[in-house]
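Visitor: Input: one structure, supplied below.
The values are calculated or read from the model by the stated rules, or taken from the named source; none is laboratory data. Remember, predicted model here, so these are calculated numbers, not experimental data. Positions of Cβ are backbone-derived with ideal geometry, glycine not excepted, and every protein chain shown enters the neighbour counts.
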Amino acid sequence: MIFVSKLQNTFLNLYKFAQILNLDMATTADFRNGLTMEFKGGLYKIVYFQHVKPGKGPAFVRTKLKNLDTGKILENTFTSGVKINEVRVERHPYQFLYKDDMGYVFMHQKTYEQITLQEQVVDNNDLMKEGQDVEMLFRAENNQVLSCDLPDFVELKVDYTEPGFKGNTASSNATKPATMETGAEIKVPLFINIGDLLKIDTRTREYSERLG
């Protein structure tokens, strides 16, 4: 009985410790895009996952994890069912106002509170123009900003590109560089011209379609 009591106390202490760190035990069954976890001594966010059930051998999950400190993408394979430490986070809507010497200034869309972030925290900051809506990820424990994410698609005008020529059609796979109004350089089809409004995929930084 004494041994069982000590074992119960050990598990209770581990649970309390996890609560203090704002960690929740989860498994690969809980994987979803955006899930934040502690992994290899850092904080990572799942940006892609795929459950695989091979004909032979145990099932596993392929993932792409974004390091929230460096922004680098790590590919990792987890054995199906393995436990991970999920970090509790909160998501809040912000709007990009402007950039100054201190960094990128955003305003909370409900409280109107302003916050300034450094360049490395803001994903694809060169695809962001003033007034752009973003989603910020905060660690619930200490309100630390973990990431600032643009929507999957943004609309930007072409500031400069070599002019399109007659005969260049949408069916062509050839591309050319185009500088967007934010300064970002994107590969676009040959028929695109200066002033065109484009839909850009922020996940791949690729041209999606011409809007006008």
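Visitor: Does the range 83-101 contain at least one residue that is farther than 17 Å from residue 148 by Cα, β-branched (Val, Ile, Thr) and crowded, with 17+ Cβ neighbours inside 10 Å?
Guide: Yes - at least one qualifying residue is present in the range 83-101.
Visitor: Tell me, please, whether a residue that is outside any strand (DSSP E or B), touching a residue at least 40 places away in the same chain (Cβ under 8 Å) and under 30 Å from residue 87 (Cβ atoms) can be found in the range 164-181. Walk me through how you get there before you give the answer.
Guide: Step one: of the range 164-181, the residues outside any strand (DSSP E or B) are 164-174, 181.
Then keep just the ones that are touching a residue at least 40 places away in the same chain (Cβ under 8 Å); that gives 181.
With under 30 Å from residue 87 (Cβ atoms) added as a condition, the list becomes none.
No, the range 164-181 contains no residue that is outside any strand (DSSP E or B), touching a residue at least 40 places away in the same chain (Cβ under 8 Å) and under 30 Å from residue 87 (Cβ atoms).
Visitor: If you don't mind, another one. Out of the residues in the range 63-80 that are within 16 Å of residue 122 (Cβ to Cβ) and of a type in the set (S, T, N, Q), which is surrounded by the most Cβ atoms within 10 Å (Cβ to Cβ)?
Guide: Applying the filter and picking the extreme gives 67.
Visitor: All but one of (1) among the basic types (Lys, Arg); (2) closer than 22 Å to residue 202 by Cα; (3) part of a loop (DSSP other than H, G, I, E, B) hold for residue 64, so report the exception by its number.
Guide: (3)
Visitor: Filter the range 99-139 down to residues that are in a helix (DSSP H, G or I) and in contact with a Phe, Trp or Tyr (Cβ under 9 Å, 6 or more places away or on another chain), then give me how many there are. Full working, then the answer.
Guide: The initial filter retains those residues of the range 99-139 that are in a helix (DSSP H, G or I), namely 119-121, 125-127.
If we keep only those that are in contact with a Phe, Trp or Tyr (Cβ under 9 Å, 6 or more places away or on another chain) too, we end up with 119, 121, 125.
The total comes to 3.
Visitor: Looking for something surrounded by 10 or more Cβ atoms within 10 Å (Cβ to Cβ), under 30 Å from residue 131 (Cβ atoms) and either modelled with pLDDT under 85 or touching a helix residue (DSSP H, G or I) at 6+ places or on another chain (Cβ under 8 Å) (or both) - is there at least one such residue anywhere in the range 20-32?
Guide: Within the range 20-32 (the criterion being surrounded by 10 or more Cβ atoms within 10 Å (Cβ to Cβ), under 30 Å from residue 131 (Cβ atoms) and either modelled with pLDDT under 85 or touching a helix residue (DSSP H, G or I) at 6+ places or on another chain (Cβ under 8 Å) (or both)), the answer is no, since none of the residues qualifies.
Visitor: If you scan the range 107-136, which residues turn out to be touching a residue at least 40 places away in the same chain (Cβ under 8 Å), surrounded by 12 or more Cβ atoms within 10 Å (Cβ to Cβ) and not hydrophobic (A, V, I, L, M, F, W, C)?
Guide: Here is the first cut: in the range 107-136, the residues touching a residue at least 40 places away in the same chain (Cβ under 8 Å) are 120, 123-124, 126-129, 133-136.
Imposing the further condition that a residue be surrounded by 12 or more Cβ atoms within 10 Å (Cβ to Cβ) reduces the set to 123-124, 126-129, 133-136.
Scanning the range 107-136 gives 123, 124, 126, 129, 133, 135.
Visitor: For residue 93, work out the one condition from (1) touching a Phe, Trp or Tyr at 6+ places or on another chain (Cβ under 9 Å); (2) assigned to a strand (DSSP E or B) it doesn't fulfil.
Guide: (1)
Visitor: So for the range 46-62 (the condition being surrounded by 15 or more Cβ atoms within 10 Å (Cβ to Cβ), of a type outside the set (A, V, I, L, M, F, W, C) and touching a residue at least 24 places away in the same chain (Cβ under 8 Å)), does at least one residue qualify?
Guide: Within the range 46-62 (the criterion being surrounded by 15 or more Cβ atoms within 10 Å (Cβ to Cβ), of a type outside the set (A, V, I, L, M, F, W, C) and touching a residue at least 24 places away in the same chain (Cβ under 8 Å)), the answer is no, since none of the residues qualifies.
Visitor: Among the numbered criteria (1) modelled with pLDDT under 95; (2) in contact with a strand residue (DSSP E or B) (Cβ under 9 Å, 6 or more places away or on another chain), which one does residue 182 miss?
Guide: With (1) modelled with pLDDT under 95; (2) in contact with a strand residue (DSSP E or B) (Cβ under 9 Å, 6 or more places away or on another chain) applied to residue 182, the lone miss is (1).
Visitor: What tally of residues in the range 30-78 results from selecting those that are among the hydroxyl-bearing types (Ser, Thr, Tyr) and within 18 Å of residue 144 (Cα to Cα)? Break it down stepwise before answering.
Guide: Within the range 30-78, the first condition is being among the hydroxyl-bearing types (Ser, Thr, Tyr), and the residues that meet it are 36, 44, 48, 63, 70, 77.
Restricting the remaining residues to those that are within 18 Å of residue 144 (Cα to Cα) gives 36, 44, 70.
Residues in the range 30-78 being among the hydroxyl-bearing types (Ser, Thr, Tyr) and within 18 Å of residue 144 (Cα to Cα): 3 in total.
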